[in-house]
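The values are calculated or read from the model by the stated rules, or taken from the named source; none is laboratory data. Fair warning: this is a prediction, and the values are worked out from it, not measured in the lab. Cβ atoms come from the backbone with ideal geometry, glycine included; neighbour counts cover every protein chain shown. Quick note on the areas: whole protein, heavy atoms, side chains included, nothing else; ligands and nucleic acids left out. Shrake-Rupley method; radii C 1.70, N 1.55, O 1.52, S 1.80 Å.
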Amino acid sequence: MKLSVAPVVTLDGELRPPSDKSLTHRAYLLGSVASGESVVRRPLRGEDCEATLRCLEQMGLRYRWLDEEKVRLIPAAQWVQPGEPLDCGNSGTTMRLLSGLIASREIEATLTGDESLSRRPMKRIAEPLRLMGAAVEGDRPPLHIAGGQLRGIDYASPVASAQVKSCVLLAGLRAEGTTRVSEPSTSRDHTERMLAAMGVRVSIGIDSVSLAGGQSLQPFEMTIPADISSAAFFMVAAACLPQGRLLVRDLGVNPTRTGLLDVFDACGIPLLMGTERSELGEPVNDVEARYVSQKRPFVIEGDLVPRLIDEIPVLAVLATQCVGTSVIRGAGELRVKESDRIQLIADGLRRMGASVEVFEDGMAIEGPTLLRGTAVSTQGDHRIGMAFAIAGLLAEGETTIDGAEAIATSYPDFERHLHSLCVI
Ligand code: S3P
């Protein structure tokens, strides 16, 4: 499927972006091991989260849609061995977090994924799960896991990854003794917050999280806030299009996710915040972003990287509109996401006329550039597709994006929102 994007006059309006992908995964996963029935309102109905739900169903979870936006999760008294391989589709979160839950149960399962997921590194979770006592075959998908009684470990993860941290913590829920995870920089802490809201005693240290095995998880009701990683696309468009303005409603503003707002501040992009509220331990707010003509360049490195890891493709587009050189370093993880995001975004933006220098762990982008529309491809990566669409709004001429069906992974209504927000 192709998406064609023509330049627009501006972007103006209000948006409730799709619900948070990370939180939807966790609501399904933790709801499936709670001590009773939970209700999830407004889960993200994208491919990745649907894969999580389907895999859990294969192991005994039942669910019932109460209306179009509300699902009741009915956990199995005992997980059952899946009769077929668990297809995680394109979703790293599904495979990595689910592995933690499977490893701590007396079942065997094979986890598979699409072509992109099959290339992604799984040793990062296989290793700690093996140390805990699970039998895990495969350092890349397919993974075969034979679970059982685990023992708690003290694990220093070499990467700042919420998927690794969450996998180990989820395995630790049924392990003997205490499980502790530390990481080089703090990654998103949704799992810890949701566990705490479900009554699990989670200890948060300066650079580590720990919990004791054997605790019970109370069921919950939750409305999933909007995803800052999806909102980022139209927020960048509003900041770059003259007279642009976007009010984002119900935005999840967990501080481990809001690096984007820090970058906007560094650029001098005006942001207006509403009154903060909370949803099952997650801060939520309304945020308005506005256009500014002279945007300062920015630097992304160190602890900021995990706080905006999924927003880097669209921040690279923003960098092409800043006055001066923006630098992104310490983001080598981008090379093992749904695609090699450093290479793909750099290649595409260069073809659109941007000046981009590529490093192993990031890039330097010199702006401002008047981009030129051209033909690009998502290569199956949703965020690459949406970043190019935003670049297309700012470019001269038409941009055509091949493989646009990938966008539905995290933002099924992207094209509809694009048309309703843009002024042509
Ligand atoms: C996610 C964590 C991040 C992020 C991914 C979702 C999660 O990955 O890129 O889209 O839900 O935990 P890493 O934690 O592996 O960096």
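Kindly identify the range 304-395 as rounded, prolate or oblate by the Cα gyration tensor criterion: order the square roots of the eigenvalues as a ≥ b ≥ c, call it rounded if a/c is under 1.5, otherwise compare a/b with b/c, prolate if a/b is larger, else oblate. Cα axes put the range 304-395 in the oblate bin.
Helical runs assigned H by DSSP (4 residues or longer) give the chain a calculated mean residue ellipticity at 222 nm of -9000 deg cm²/dmol, each run adding -39500 (n - 2.57) before division by the residue total. Positive-end ranking of GLY353, SER208, VAL323 along the dipole of the chain, with charges on Cβ about the Cα centre, is headed by SER208. Residues of the range 207-251 falling in the label zone of GLU276, defined by backbone nitrogen less than 14 Å from a point 7 Å along Cα to beta-carbon, are 251.
Just want the answer: with Cβ charges of +1 for Lys and Arg and -1 for Asp and Glu, which residue in SER19, GLY362, ALA196 is farthest toward the dipole's positive end in the chain? The residue sitting most towards the positive pole is ALA196.
Atom-type composition of the exposed protein surface of the range 383-424 places 50 percent of the accessible area on carbon and sulfur (1.4 angstrom probe). Legend: calculated FRET efficiency, ALA135 to LYS2, from the Cβ-Cβ distance at R0 = 45 Å, rounded to 0.05, equals 0.50.
Protein heavy-atom accessible surface, 1.4 Å probe, per residue over the range 216-341: 32 Å².
Estimated at 0.36 nm per residue, the fully extended path between ILE424 and THR325 surpasses their Cα-Cα distance by 32.6 nm.
Expressed in Å, the radius of gyration and Dmax of the Cα atoms of the chain are 20.9, 61. Heavy atoms of the protein chains alone define the surface here; on that basis the range 113-204 has 39 Å² accessible area per residue at 1.4 Å probe size.
In percent, what relative contact order does the range 156-198 have, based on Cα pairs under 8 Å that are 6 or more apart in sequence? With pairs under 8 Å counted, the relative contact order is 48 percent. Using a/c under 1.5 as the rounded threshold, could you call the range 46-100 rounded, prolate or oblate? The axes a ≥ b ≥ c are square roots of the C-alpha gyration tensor eigenvalues, and prolate needs a/b larger than b/c, oblate otherwise. Here the range 46-100 falls in the oblate category. Using only the Cα atoms of the range 206-295, build the gyration tensor, take square roots of its eigenvalues as a ≥ b ≥ c, and label the shape rounded, prolate or oblate: rounded if a/c is under 1.5, else prolate if a/b is larger than b/c, else oblate. Note, shape of the range 206-295 comes out prolate.
Split the accessible area of the range 1-61 by element, probe 1.4 Å, and carbon with sulfur accounts for 45%. Estimated at 0.36 nm per residue, the fully extended path between GLN243 and ASP347 surpasses their Cα-Cα distance by 34.5 nm.
Amide H contacts under 5 Å for ALA76: LEU61, ARG62, restricted to partners 5 or more places along the chain or on a different chain, H placed in the peptide plane at 1.01 Å from N. Between GLU405 and SER216, the modelled labels are 4.6 nm apart [label points 7 Å from Cα along Cα→Cβ]. Cα centroid separation, the range 81-143 to the range 370-389: 30 Å.
A full extension of the chain between ASP154 and GLU115 corresponds to an added length of 10.7 nm, given 0.36 nm per residue minus the alpha carbon distance.
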